C-alpha cells in the first residue's frame, strides 16, 4: 500500500500544473460520484426506500434552515452595523494607542479587523482580510498576520447561533465565555507565530 502511494505521488510530481489541476478535478468528481453511488447502493441492498428517505431528510433540512434564518439575519445585521457605525475604527484606534503607550510593535493592529469580525461572520472577516491585503500589500506583516488569524479562529457566534438554534437551546451558559477565550487564544497565538516567522 505504501509503495503504491509513493509511486502515485512520484507520478503526480511529473505532471505539469495544468495536468495536475485537471487530474485532481477529475479525481474529486469521481470520488463524489462514487460516494453517491455507494450510499444509494447500500440503501438498495438493505431494502431502504432511498428516494423516500432522501425526500424526508430534505424536508427536515428545510425545517432546520427555516428555524436558523432569524439567527443568521441577526448576526449579519450586527456585523454590518459594527462596520458601518465606525465602532470598528474606534476600537482599532484605542488598541493602537494602548500598544504605542506600552512601547510595543503595533504592526499587528492592522490585522485586528479580521480578528474582531471573525467571531461574527466568516465572509466579513474574509472581506477584512482582502481589504488589509489591498491597503497594506499582500506580503506585509499585517496581511500575513490577518491571514494567519483567519485560519486560527472560528466564527464563534455564528456557530453558537446555528447549533443552539438548531436544537432549541435558550441559555448558552459557559459556552460563550469559553468560546471567546479560545478565540482570543487563537488570535494571540497567530500574532506570536507571525512575529516569530515573519519578524
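Helix 175-198 axis versus longest C-alpha principal axis of the chain: approximately 70°, rounded to the nearest ten. From least to most packed, judged by other beta carbons within 10 angstrom and beginning with the fewest, 3, 112 follow the order 3, 112.
Every Cα-Cα pair of the chain was included, and the share exceeding 32 Å stands at 45 percent. Here the gap between residue 32 and residue 46, fully extended at 0.36 nm per residue and compared with their Cα-Cα distance, gives a gain of 2.9 nm. Per-residue Cβ neighbour counts within 10 Å put 102, 88 in the sequence 102, 88, beginning with the fewest.
Relative to the longest principal axis of the Cα atoms of the chain, the long axis of helix 141-152 makes an angle of roughly 40 degrees. The simple Förster model, with R0 at 45 Å and r as the Cβ-Cβ distance, assigns residue 64 and residue 93 a FRET efficiency of 0.65. For segment 121-199 versus segment 8-48, the spacing of their alpha-carbon centroids is 32 Å.
Normalised by the number of residues in the chain, the mean separation of alpha-carbon contacts (under 8 Å, six or more apart) gives a relative contact order of 17 percent.
Every read-out reported here was derived from the displayed coordinates using simple, explicitly stated rules and does not represent laboratory data. Bear in mind the structure is a predicted one, so any value in this text is a computation, not a measurement. As a convention, Cβ positions derive from the backbone with ideal geometry for all residues, glycine included, and neighbour counts pool all protein chains shown.
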